[in-house]
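The values are calculated or read from the model by the stated rules, or taken from the named source; none is laboratory data. Here the structure is a predicted model, which means the values were calculated and not measured. All Cβ positions, even for glycine, are placed from backbone atoms using ideal geometry, and neighbour counts span all protein chains on display. Surface areas here come from the heavy atoms of the whole protein model, side chains and all, with no ligands, DNA or RNA. Shrake-Rupley method; radii C 1.70, N 1.55, O 1.52, S 1.80 Å.
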Amino acid sequence: MGLYDSNCMLTGVSLRGSDAALVLLQHTDTVYRPIALALKGNSNRSGSIDGVENNANTELVLKYFLGKLASGAYDIHEPYYRLPNGRSITTIEHVLTPFERNMNDGHENTLDGRPVVFALICRAVWDACASSTAAKPAPATSFYSELFGDSSVPAEMYCGSLTKVLRHLRELSVVSKMLSRRKCPWKPTASDGAQHSGEEMRHYLQEARRAFKGSAVVLKGLRAYELEVEDCFTD
């Protein structure tokens, strides 16, 4: 498909030139639900993120999927398993590529027989939301239950490690509650293959500011986003 740009699931701003938070999703009943805590990195103009932050959550997600790949439960179409130059999946970025293809290439690279997709949210907006309200003190198990319930994927992924990812649990809790208040469901971030011009990026930003004019938190995040991508506005 070549280079193309995606939009933030929450605000609609272009992710060209920005960092993003990526939340893995699976379809359950009639809705998409998170199956892992957010991964953060640089929007790569190929529908996913690169330069993913190395932290406890990233390590647990990668370990989980490498284990599922070895067992055969993580089933990937051959072109996406055998990467360029004969490489195979070893990094978190490699893990994410087949899931991006599910959304933008019509394939079904699956976990336990079900496709995995993901949502991308502008990192500046994510951070503003996550830091705006201190989540009420609670044990990691409380945040976990609120976010994932009895879902088997996160149960296996984070078994025995919840205290290591407490900050990530709090962040996803705050963002999820904000989405719920705005009646904004989780959904995969698909692309039409277009590259966003500076003019289009400014338009998306203006639309986001109008849509969130009553939210000081999101507007703060959008200001930070504007500074982050300002060089792209002048192309």
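Using a ≥ b ≥ c from the Cα gyration tensor of region 168-222 (square roots of the eigenvalues), is it rounded, prolate or oblate, where a/c under 1.5 gives rounded and otherwise the larger of a/b and b/c decides, a/b for prolate? Since a/c reaches 1.5 but b/c is at least a/b, the shape of region 168-222 is classed as oblate. Computed over the chain with a Gaussian network model linking Cα atoms closer than 10 Å, the most mobile of R33, R101, R210 is R210. With the whole protein complex present, V31 retains an accessible surface near 50 Å², based on a 1.4 Å probe.
When you restrict to C-alpha pairs under 8 Å that are six or more residues apart and normalise by the size of the chain, the relative contact order lands at 30 percent.
Here region 85-235 is treated with +1 on each Lys and Arg Cβ and -1 on each Asp and Glu Cβ, and its dipole about the Cα centre works out to around 840 debye.
Given a 1.4 Å probe and heavy atoms of the protein chains only, how would you sort E100, E199, E53, largest accessible area at the top?
On the way: E100 10, E199 135, E53 65 Å².
My answer, sorted largest first, is E199, E53, E100.
Shown are T189, T30, whose ranking by accessible area with a 1.4 Å probe and every protein chain present, most to least, is T30, T189. Hydrodynamic analysis of region 1-69 uses the Kirkwood radius over alpha carbon pairs. Inserted into Stokes-Einstein at 25 °C and 0.890 mPa s, it gives a translational diffusion coefficient of 184 µm²/s. Cross-link check: pairs K63/K187; K40/K164; K177/K213; K68/K183; K183/K220; K40/K63 evaluated at a Cα-Cα cut-off of 23 Å; pairs beyond the cut-off: K63/K187; K68/K183.
Ordered by solvent-accessible area of protein heavy atoms (1.4 Å probe), largest first, the residues Y204, Y64 come out as Y204, Y64.
Is region 140-235 best put as rounded, prolate or oblate by its Cα gyration tensor, with a ≥ b ≥ c the root eigenvalues, rounded for a/c under 1.5, and otherwise prolate when a/b is larger than b/c, oblate when not? The shape class here is prolate. For Cα pairs less than 8 Å apart in space and 6+ apart in sequence, what is the mean separation divided by the residue count of region 101-171, i.e. the relative contact order in percent? Computed over region 101-171, the figure is 25 percent. Farthest towards the positive end of the charge dipole of the chain, among the residues A194, G2, L22, is the Cα of L22, using unit charges on the Cβ of Lys, Arg, Asp and Glu. Think of it as helices only: each DSSP H run of n ≥ 4 in the chain is worth -39500 (n - 2.57), and spread over all residues that comes to -13500 deg cm²/dmol at 222 nm. For the chain, taking a cut-off of 4.7 Å between Cβ atoms, the unpaired cysteines are C129, C159, C184, C232.
Taking all pairs of different Cα atoms in the chain, averaging 1/r and flipping that mean, what Kirkwood radius in angstroms comes out? Let's see the in-between values first.
Details: mean 1/r = 0.0549 Å⁻¹.
About 18.2 Å, per the Kirkwood formula over Cα pairs.
Solvent-accessible area assigned to carbon and sulfur over the chain amounts to 50 percent, based on a 1.4 Å probe.
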